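To start, the structure itself, in structure tokens.
The values are calculated or read from the model by the stated rules, or taken from the named source; none is laboratory data. Being a predicted model, the structure only gives us computed values, none of them experimental. Quick reminder, even Gly has a Cβ in these numbers, built from the backbone with ideal geometry, and neighbours come from all protein chains shown.
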């Protein structure tokens, strides 16, 4: 379990982007399967810039995988085609453990994701609150540029409109700046999936509902401490909003 | 100033209103803003009825034909009180005067839940105490407290094993059953039929992982996993165990077999055993034994023609009652499972032992989510009511208790009938004044229900000056609301105070005073006459 500050920062930024309000998006178009590699750079108020590890997104119609290969960790979100219910598996390869979150547990933790935001890094609806300032292209793919302010942050998004993924997300306040940049894009998801989802039968599978009975387990303690620092799970109402990245 | 007394009297006449024969300050003469429906006489009548019923009690010294042990996992006294109010308010009452089904049982005691090595226990040693008569160690199931942590030699475990009330009932020719909304391999139900030094060894892959983690040769641990123990029970238990229902399906399937419901998932067993198939094949085949995994198949089971029923309705724990899909592809309620179990077990004229656990009260509390915990508690009370109605209180001992409590509190001075999940609204200082939210020293409202620790903590970070949130009634009564917690923890914790025991039926009078938790077993043993 890494306690690397930048990794936590990266995690916090990504979750703060992804964990928007739950919205149905039933009318959202199907998005193409894709694997994408990103890197995050964070500049603090003393102008020190730190580069985070690569962050991967693997997107298929009923599955979204996010991974930080340098930490040997991944998250696998799966949506049931019939019920639409979403489950989460968090993979910790170094510890050979998998944590499962059932739909009911995700509901209880107020952590049901916006599926389309999950597969697009950020909520596509949030783009509507920004101003489209221009167009361009990246490796032959059309790009739309958005600019604006959300929650006191200045946001710049270069958006791959066909792939429905950001090419770049630049978020800044007076005190800090973070830039998430796309490094590579691949229509094939197989290779990346194989690399981050290499779970063997000897992995121990934990139901997150059992954490309360596992407080003395060092692994559970570490995960809960990490989640606590990142304020991973939102509260149901009356939440004092805070993200580790800010 | 010549007649000061008269002038003072006049002033009083302005300030007081006449109510009957007494003088009451006008400011206090309005109707109370809150209060119950009772007349003055009702309080007296209720008390006298209670005394009359008590005088009619007699010690039922008969042997029990049947014993049913209901455990609300984590159902501390505060959970019972809150669930009582919640259920009553859902029925249109004020709530506080309401009674859950088992609260009308004639005998009640307190149970001390510490284990041999824990002041505040987990479910493994507490259930071990209740079904074996001995207090045990943290995380261990139905083995004595001299058992080494991680002991995985089957012979050693056998030598340390403690016979359970279920095994003894089986040996006496009674039918037996185990029902839970948690995994059927989870600590509480598992303690009735399994013996192990590690409660987490629910499937063989966990034992293989243990070997790998500690550098033991693969396969060197000979103790069986809990799911396998449910199938590979002694001949007496195999014949006796008519019903096993709950969650935990993935622990019974080999990792080569896809789950029938969640088709993207597979079982976790590495030994290739398909335990549901074995359940059927080793218990007379499909003509007498059945395995079901959804509500439609469960509903189709005919208790009269089914001898052995295994129901595994989720890969892991069953759904919270609040989330349960009641359709054909969903899962049965705890009440329905209890009813079906008793229908099957009653076929044995020698009687039966049944354990029923509401396993998810505990999980909802761990999540800091009171509403789901209360909904599961109310469903638990319904299951007990059904069992009571289906059995004869003269020959069936029903015990209701909890394995441990939670740090769950009912706080403040809410007025009578205040929504139990809502914000605290106190009785106004002046009758006739509107009921308003009570506020803390910061001027912010707060909820009646809360936790001493857990994920509901909302304290400030250095970047945020807010100390507490501004809550609204709509937020706090939502099913997903997490009550505030004082100490930030990823999971809310168990609590160490006593829990209650409620008893009805033969030898129920032995449940009295403050009891050690393991004495519950001795009451059941005495009732059965073993």
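Summary of values
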{"read-out": "Single residue of the stretch B:139-169 satisfying the filter (over 25 Å from the mean Cα position of the chain (by Cα) and assigned to a helix (DSSP H, G or I)) that is nearest to residue B:276 (Cα to Cα)", "value": "B:154"}
{"read-out": "Qualifying residue in the stretch B:351-366 (condition: buried (at least 24 other Cβ atoms within 10 Å of the Cβ), in a loop (DSSP other than H, G, I, E, B) and touching a residue at least 60 places away in the same chain (Cβ under 8 Å))", "value": "yes"}
{"read-out": "The lone exception for residue A:237 - which of (1) at pLDDT 90 or above; (2) over 16 Å from the mean Cα position of the chain (by Cα) it fails", "value": "(1)"}
{"read-out": "Positions within the stretch B:478-512 being over 21 Å from the mean Cα position of the chain (by Cα) and either surrounded by fewer than 20 Cβ atoms within 10 Å (Cβ to Cβ) or over 30 Å from residue A:228 (Cβ atoms) (or both), in sequence order", "value": "B:478, B:486, B:487, B:488, B:506, B:507, B:509, B:510"}
{"read-out": "Lone unmet requirement of (1) away from chain A (no Cβ under 14 Å); (2) under 23 Å from the mean Cα position of the chain (by Cα) for residue B:413", "value": "(2)"}
{"read-out": "Restricting the stretch B:250-259 to residues that are in contact with a helix residue (DSSP H, G or I) (Cβ under 8 Å, 6 or more places away or on another chain) and more than 9 Å from chain A (Cβ to nearest Cβ), the residue that is farthest from residue B:318 (Cα to Cα)", "value": "B:253"}
{"read-out": "Selected residue (only one of B:180, B:111, B:161, B:101 is more than 28 Å from residue B:78 (Cβ to Cβ) and at pLDDT 95 or above)", "value": "B:161"}
{"read-out": "In the stretch A:79-112, the residues that are out of contact with any helix residue (DSSP H, G or I) (no Cβ under 7 Å at 6 or more places or on another chain), farther than 14 Å from residue A:209 by Cβ, in a loop (DSSP other than H, G, I, E, B) and more than 8 Å from every other protein chain (Cβ to nearest Cβ)", "value": "A:81, A:82, A:83, A:84, A:93, A:94"}
{"read-out": "Filter result (in contact with a helix residue (DSSP H, G or I) (Cβ under 7 Å, 6 or more places away or on another chain), within 14 Å of another protein chain (Cβ to nearest Cβ) and closer than 28 Å to residue B:30 by Cβ) within the stretch B:416-446", "value": "B:422, B:423"}
{"read-out": "Residue ID - farthest from the chain's Cα centre (by Cα), chosen from residues in the stretch B:17-66 that are modelled with pLDDT under 90 and assigned to a helix (DSSP H, G or I)", "value": "B:26"}
{"read-out": "Count - residues of the stretch B:207-228 that are buried (at least 20 other Cβ atoms within 10 Å of the Cβ) and either closer than 15 Å to residue B:157 by Cα or in contact (Cβ under 8 Å) with a residue 24 or more places away in the chain (or both)", "value": "9"}
{"read-out": "Residue selected from the stretch B:474-507 under the condition at the interface with chain A (Cβ under 9 Å from one of its Cβ atoms) and assigned to a strand (DSSP E or B), by the criterion farthest from residue B:385 (Cα to Cα)", "value": "B:488"}
{"read-out": "Residue B:400 vs. criteria more than 14 Å from chain A (Cβ to nearest Cβ), outside any helix (DSSP H, G or I), within 28 Å of residue B:262 (Cα to Cα) and at pLDDT 95 or above", "value": "no"}
{"read-out": "Filter result (closer than 17 Å to residue B:268 by Cβ and touching a strand residue (DSSP E or B) at 6+ places or on another chain (Cβ under 8 Å)) within the stretch B:226-246", "value": "B:226, B:227, B:229, B:230, B:246"}
{"read-out": "Yes/no for residue A:44 being touching a residue at least 60 places away in the same chain (Cβ under 8 Å), within 14 Å of chain B (Cβ to nearest Cβ) and more than 18 Å from the chain's Cα centre (by Cα)", "value": "yes"}
{"read-out": "Residue tally, condition closer than 24 Å to residue A:116 by Cβ and out of contact with any strand residue (DSSP E or B) (no Cβ under 6 Å at 6 or more places or on another chain), over the stretch A:45-72", "value": "2"}
{"read-out": "Residue A:142 in contact (Cβ under 8 Å) with a residue 12 or more places away in the chain and within 26 Å of residue B:329 (Cβ to Cβ)", "value": "no"}
{"read-out": "Count of the stretch B:284-329 residues which are buried (at least 17 other Cβ atoms within 10 Å of the Cβ) and within 14 Å of chain A (Cβ to nearest Cβ)", "value": "13"}
{"read-out": "Meets criteria (at pLDDT 95 or above, within 12 Å of chain A (Cβ to nearest Cβ), under 14 Å from the mean Cα position of the chain (by Cα) and in a helix (DSSP H, G or I)) for residue B:373", "value": "yes"}
{"read-out": "Qualifying position, being free of Cβ contacts under 8 Å to residues at least 12 places away in the same chain and either buried (at least 18 other Cβ atoms within 10 Å of the Cβ) or not in a loop (DSSP other than H, G, I, E, B) (or both), among B:92, B:136, B:88", "value": "B:88"}
{"read-out": "Selection from the stretch A:61-78 of residues that are surrounded by fewer than 21 Cβ atoms within 10 Å (Cβ to Cβ) and within 11 Å of chain B (Cβ to nearest Cβ)", "value": "A:62, A:63, A:78"}
{"read-out": "Flag if residue A:207 is within 14 Å of chain B (Cβ to nearest Cβ), at pLDDT 90 or above and under 30 Å from residue B:138 (Cα atoms)", "value": "yes"}
